[in-house]
1. Would you check which residues across the stretch 71-92 are open to solvent by 10 Å² or more (accessible area, probe 1.4 Å), part of a loop (DSSP other than H, G, I, E, B) and touching a helix residue (DSSP H, G or I) at 6+ places or on another chain (Cβ under 7 Å) and list them?
2. Looking only at the stretch 273-307, filter to residues that are open to solvent by less than 40 Å² (accessible area, probe 1.4 Å) and either among the hydroxyl-bearing types (Ser, Thr, Tyr) or touching a Leu at 6+ places or on another chain (Cβ under 7 Å) (or both); which one of those is farthest from residue 230 (Cα to Cα)?
3. Please pick out the residue among 269, 262, 256 that is open to solvent by 60 Å² or more (accessible area, probe 1.4 Å), under 28 Å from residue 78 (Cβ atoms) and touching a Ser or Thr at 6+ places or on another chain (Cβ under 8 Å).
4. Taking into account only those residues within the stretch 52-70 that are in contact with a helix residue (DSSP H, G or I) (Cβ under 6 Å, 6 or more places away or on another chain) and hydroxyl-bearing (Ser, Thr, Tyr), which is least open to solvent (accessible area, probe 1.4 Å)?
5. Would you confirm whether any residue within the stretch 155-163 is β-branched (Val, Ile, Thr) and closer than 25 Å to residue 37 by Cα?
6. What number of residues in the stretch 162-191 are among the acidic types (Asp, Glu), in a helix (DSSP H, G or I) and either under 17 Å from residue 93 (Cα atoms) or in contact (Cβ under 8 Å) with a residue 60 or more places away in the chain (or both)?
7. I'd like the full set of residues that are outside any helix (DSSP H, G or I), surrounded by 17 or more Cβ atoms within 10 Å (Cβ to Cβ) and hydrophobic (A, V, I, L, M, F, W, C), limited to the stretch 308-333.
8. Tell me which of these residue 41 doesn't satisfy, since it passes every other one: (1) of a type outside the set (A, V, I, L, M); (2) touching a Phe, Trp or Tyr at 6+ places or on another chain (Cβ under 9 Å); (3) at negative phi; (4) modelled with pLDDT of 95 or more.
Amino acid sequence: MSRGRTRRAVLAAGGALAVTACGAPGHRRDVLAALAGAANSPVNGVWIWMDAFARTLDAAGLSVEISANSALGSEPDRTEMTGLGLLHANDAGITELVAYSDAYRAPGLPFLLDDIGHFERFIAAPAFRTWLASELDPAGLVFADAALLGGMSGLFTARTPIHEIADVERLRLRAMGRLDLLMIEALGASGVQVAWEEVPQALQTGIAQGYFNPPLAPVLFGHGSQIGYFLDLNMSAAHRAVMLSARWLETLTPERRAAVDRAVAAGHRANRDWALNGREREMAALAEIDIEVIEPDPALRRIFAERVRAAYPRMAPPEAVERFVELARETRA
């Protein structure tokens, strides 16, 4: 990040603190947390995590300020602020983390992990945590947890129901970054990078004809009028990474550090209770906005998986892929 961008991010943080509704103007809080999505939302898994985190810290006597809707800046800005200790807890996307860590490419690789339980075992494995910590430490970042966004991801399409791989090959799909583009190309479709805020317009105009996301994405972001179908591929655990500032943690007393650990555990429990009991809720929410759910034939899902796995060496360094696959094997129930 340039010095100018850093300064703007710092000013944004100061402004958010000054106008917050959670206290008097300029009132200092012990903990400043941020998330990309909406606050007080029953369909935002990151908010569920952050709310439990904040309530637990508050009970321990630490006042918490939560800034929602990316009010403190873009993904890179907030990650930079976390590393500098200006932001204490932040919700980051996979794309942002892989700028610092090859290890974190693994949890986002489609069809690497079987289900949410496998994902949990993988990210908790000491070998993975040690590898990840060694890469994030120079940036001043600490991985606290993964906040699930609901069920496993699938493919949303605007007007085309997917029943065979040829249906996908005719589509132009929205990509968040390079990893998405490589996956889309491996499936034989074409990809186009579109900022998330511009997705509704891209779907309306046909610039993009679909995207990969967890079941609640179009519900949370109001895409019901642009999306018609959801192919339930069970391809990866959709989530955001909750990051803590290493500089901030180093300043805490043992008692306050213990309170932070309890708050992380509370966030984890609340998020999992919400996500793991939500299958019927998610399907009902899609039905309410007239999105048809398609359960793929096992042979079709196998084709998806084989094509994407063949692209792994382009999605991460080959030596890292070997470690991913081995660790996935070791953590498979």
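1. 71, 73, 85, 86, 88
2. Checking each candidate, the answer is 275.
3. 262
4. 67
5. In the first step, residues of the stretch 155-163 are kept if they are β-branched (Val, Ile, Thr); the result is 157, 160, 162.
Those left that are additionally closer than 25 Å to residue 37 by Cα: 157.
Yes; the residues of the stretch 155-163 include at least one that is β-branched (Val, Ile, Thr) and closer than 25 Å to residue 37 by Cα.
6. Start the filter on the stretch 162-191 by keeping residues that are among the acidic types (Asp, Glu), which leaves 164, 167, 169, 180, 185.
Cutting the leftovers down to in a helix (DSSP H, G or I) gives us 167, 169, 180, 185.
Imposing the further condition that a residue be either under 17 Å from residue 93 (Cα atoms) or in contact (Cβ under 8 Å) with a residue 60 or more places away in the chain (or both) reduces the set to 180, 185.
So the answer is 2.
7. To start, the set of residues in the stretch 308-333 that are outside any helix (DSSP H, G or I) comprises 311, 316-317, 331-333.
Subsequent filtering for residues that are surrounded by 17 or more Cβ atoms within 10 Å (Cβ to Cβ) retains 311, 316, 331.
Scanning the stretch 308-333 gives 311, 316.
8. Tallying (1) of a type outside the set (A, V, I, L, M); (2) touching a Phe, Trp or Tyr at 6+ places or on another chain (Cβ under 9 Å); (3) at negative phi; (4) modelled with pLDDT of 95 or more, residue 41 fails exactly one: (4).
The values are calculated or read from the model by the stated rules, or taken from the named source; none is laboratory data. The structure displayed is predicted, hence computed values, not measured ones. Note: ideal-geometry Cβ built from the backbone for every residue, glycine included; neighbour counts use all protein chains shown. All accessible areas refer to the heavy atoms of the entire protein, side chains included, with ligands and DNA or RNA removed. Shrake-Rupley method; radii C 1.70, N 1.55, O 1.52, S 1.80 Å.
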